[in-house]
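**Q** First the structure, which I've put down as structure tokens, then a few questions once you've had a look.
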């Protein structure tokens, strides 16, 4: 039986990455797709683990050949989900997790209508703003931009197959695992 593609999206700061890591720890049979990017690696990032670091030319060839399930440009760099590793894992019965943005979800849905989509929502916009500020990685203007984007993303939550409110990471992990394993959901 083939696996499923489970696409996870939600606003920046909602805890998608933490949620996915906890789900992967709880169920090692799942596989997390690694995105490709043209940006340079940050300190500590490993090619093939954190991202597939490609040149602009390599990325362009994959776009032209239809080698991405989705791709986008952000902050002057290209990002995308290579199709072959995902399709290979699914064909061998592995459920694949993919963490991308709303634009990417819409592209994946067009390219793979069987993909199952999950929106991770914050308990409130105030809580999301607190989480973003608590990171200490961005100034007030950047947080304001992320909050504006979050409002747009929250308005699109109805496009998803499942919405999980991440008020408690352990409860959200249990909910996502249950939904993943319920293939009829």
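**Q** Sorted from largest down, give the three principal axis spans of the alpha carbons of the chain, whole angstrom values.
**A** That gives 42, 39, 30 Å along the principal axes, largest extent first.
**Q** Starting at 0 and stepping by 10 Å, how many percent of the alpha carbon pairs of segment 107-185 end up in each bin?
**A** 16, 40, 32, 12, 0
**Q** Per DSSP H run of at least 4 residues, take -39500 (n - 2.57); add these up for the chain, divide by its residues and hand me the 222 nm value, nearest 500 deg cm²/dmol.
**A** Only helices count here, giving -13000 deg cm²/dmol.
**Q** Follow-up. Build a GNM of the chain with springs between Cα atoms under 10 Å: which of 166, 111, 77 gets the top mean-square fluctuation?
**A** So, out of 166, 111, 77, the one fluctuating most is 77.
**Q** Also: Using Cα springs under 10 Å in a Gaussian network model of the chain, which residue among 172, 141, 121 shows the largest mean-square fluctuation?
**A** With Cα springs under 10 Å in the chain, the top fluctuation among 172, 141, 121 is at 141.
**Q** Given the options 143, 100, 164, which has the most mean-square fluctuation in a GNM of the chain, springs set between C-alpha atoms less than 10 angstrom apart?
**A** Of 143, 100, 164, the Gaussian network model singles out 143 as fluctuating most.
**Q** Sort 168, 161 so the one with the fewest other Cβ atoms within 10 Å of its own Cβ comes first. Could you put the intermediate results ahead of the total?
**A** Working: 168 11, 161 14.
Fewest-to-most Cβ neighbours within 10 Å comes out as 168, 161.
**Q** Roughly how far apart, in whole Å, are the Cα centres of segment 1-51 and segment 128-185?
**A** 15
**Q** Let me ask something additional. Average projected area of the Cα convex hull of segment 4-74, in nm²?
**A** The directionally averaged projection comes out at 6.0 nm².
**Q** Assuming a ≥ b ≥ c are the square roots of the Cα gyration tensor eigenvalues, decide whether segment 40-92 counts as rounded (a/c under 1.5), prolate (otherwise, with a/b larger than b/c) or oblate.
**A** oblate
**Q** Moving on to the next point. Could you work out the relative contact order of segment 61-182? I mean the mean sequence separation of Cα pairs under 8 Å and 6+ apart, divided by the number of residues, in percent. The partial results should precede the final answer.
**A** Values: 88 pairs, mean separation 25.6, N = 122.
This gives 21 percent for segment 61-182.
FYI, it's all coordinate maths here, none of it is from the lab. Just so you know, these numbers come straight off a predicted model, no measurement behind them. Don't worry about glycine lacking a Cβ; one is built from the backbone with ideal geometry, like all the others, and counts go over all protein chains shown.
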